[in-house]
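Derivation of every value follows stated rules applied to the coordinates shown; laboratory data play no part. Computed from a prediction, not measured in an experiment: that's the story for all the values here. Neighbour counts run over all protein chains shown; Cβ positions are idealised from the backbone, glycine included.
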Amino acid sequence: MKIIDNLAHIHNEISVAEKRFNRTGASVCLLAVSKTRSVDEIMTAVNEGQRHFGENYCQEAVEKIDVIGRPDLIWHFIGPIQSNKAKQIASHFDWVHTVDRIKIARRLDELRPENLAPLNVCVQINISGEDSKAGITLDDADNFIAELEQFKRLKLRGLMSLPAPASDFDAQRIPFSILKQKLLELSISRPELDTLSIGTTQDMTAAIAEGATIVRIGTALFGPRNATKQTT
Ligand SMILES: *Cc1c(COP(=O)(O)O)cnc(C)c1O
């Protein structure tokens, strides 16, 4: 089956890139981006040992998470967060990569169920400075991260970004390199920051070269997504 072959191929590409760029073996986590994918497609990957899944649309995700009902899977929310979805996100996910507003962080903190571990979060950085993109600017990162310290039910893990597409490998590395430097700088006073969530199907190898610890891969694993728009 295609998904099985794709998964093996991606694992191979990750380990080749780890060696080529002097990264520790198995230091890059594959996050399977399963937005718009069916429960069957997800379960095909689960049966091959895949455990981390990323979803963008709360409603769709919660339905699939409940149907699948596997406590050993680790669910990551990687889409824009609407305030009225914060409760569902805080109760169904283990990670949120897209924190870029204090108001949303506060809601996630308040709504994280007591019986669950603190929610792992990454701060989303708008590295390419595109008006249309989510995320805070690099300049705002220090203040934003300092403000997050008040939220005891959130565990800040690092930075996430989705740069504008770049033409070639060297150009892809530039924004990732800036993010790596920023994480390094932040981790001097906050050694618990261990996560750089960068790299998609288009630029995974460049992201690994620059220190990605989580790569978010959809298309290379499940094939092209159809263009059906979803908003929740
Ligand atoms: C959809 C998505 C991905 C996966 O992109 P592919 O090009 O399909 O690998 C990664 N990150 C985010 C934030 C996404 O929305």
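The lone criterion from (1) in contact with an Asp or Glu (Cβ under 8 Å, 6 or more places away or on another chain); (2) buried (at least 20 other Cβ atoms within 10 Å of the Cβ) left unmet by R37 is number (1).
Out of curiosity, is S189 more than 30 Å from A61 (Cα to Cα) and either in contact with a Ser or Thr (Cβ under 7 Å, 6 or more places away or on another chain) or without any contact (Cβ under 8 Å) to a residue 40 or more places away in the chain (or both)? Spell out the reasoning first.
Numbers: more than 30 Å from A61 (Cα to Cα): yes; either in contact with a Ser or Thr (Cβ under 7 Å, 6 or more places away or on another chain) or without any contact (Cβ under 8 Å) to a residue 40 or more places away in the chain (or both): yes.
In short, yes.
Scan the range 95-126 for residues that are closer than 17 Å to R216 by Cα and touching a strand residue (DSSP E or B) at 6+ places or on another chain (Cβ under 6 Å) and report the count. Here the count works out to 11. Put simply, of R23, R37 the only residue that is out of contact with any strand residue (DSSP E or B) (no Cβ under 8 Å at 6 or more places or on another chain), part of a loop (DSSP other than H, G, I, E, B), within 14 Å of the ligand (Cβ to nearest atom) and within 21 Å of G199 (Cβ to Cβ) is R37.
Within the range 76-89, the set of residues being aliphatic (A, V, I, L, M) and either away from the ligand (no atom under 16 Å from the Cβ) or part of a strand (DSSP E or B) (or both) comprises just one member, A86. Annotation: of all residues in the range 90-118 being touching a helix residue (DSSP H, G or I) at 6+ places or on another chain (Cβ under 6 Å) and either assigned to a loop (DSSP other than H, G, I, E, B) or within 16 Å of the ligand (Cβ to nearest atom) (or both), the one that is nearest to S34 (Cα to Cα) is V99.
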